[in-house]
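Participant: Quick one: the structure is below, and I'll ask about it shortly.
The values are calculated or read from the model by the stated rules, or taken from the named source; none is laboratory data. Values in this document were obtained by computation on a predicted structure and should not be read as measured data. Methodologically, a virtual Cβ is constructed for each residue, glycine included, from the backbone with ideal geometry; neighbour enumeration extends over all protein chains shown.
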Amino acid sequence: MADSLKNGVCPKCGGTEVYFTESEYHKVLPHEFGKSVMIGGRPSPVVDNFVCGDCGYTEFFVKPRYLAVVKKNWDRKDQVSE
């Protein structure tokens, strides 16, 4: 997590004007992300939202209690060898 908005510094621009919200609602999208919203027929998890006030870079982190929902309903991405 060293290069993350969670630390209060933007990994893209180095800005320190970082805003966040920790709630049951996704504050960037115009709906209640995580309540009863389905994405591609799959339930969406509740996330914590972080936004850089300098460049707009955004990160979302699934709340730990919702990781089981992701693991049960979402497809796992295989690693790509380079």
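Participant: Determine, yes or no, whether Glu32 is among the charged types (D, E, K, R) and modelled with pLDDT of 85 or more.
Facilitator: Working: among the charged types (D, E, K, R): yes; modelled with pLDDT of 85 or more: no.
Taking the combined requirement at face value, the residue does not satisfy it.
Participant: Going by the structure shown, is Val9 at pLDDT 70 or above and either surrounded by fewer than 13 Cβ atoms within 10 Å (Cβ to Cβ) or over 20 Å from Trp74 (Cβ atoms) (or both)?
Facilitator: Details: at pLDDT 70 or above: yes; either surrounded by fewer than 13 Cβ atoms within 10 Å (Cβ to Cβ) or over 20 Å from Trp74 (Cβ atoms) (or both): yes.
Considered against the rule, which asks whether it is at pLDDT 70 or above and either surrounded by fewer than 13 Cβ atoms within 10 Å (Cβ to Cβ) or over 20 Å from Trp74 (Cβ atoms) (or both), Val9 comes out as yes.
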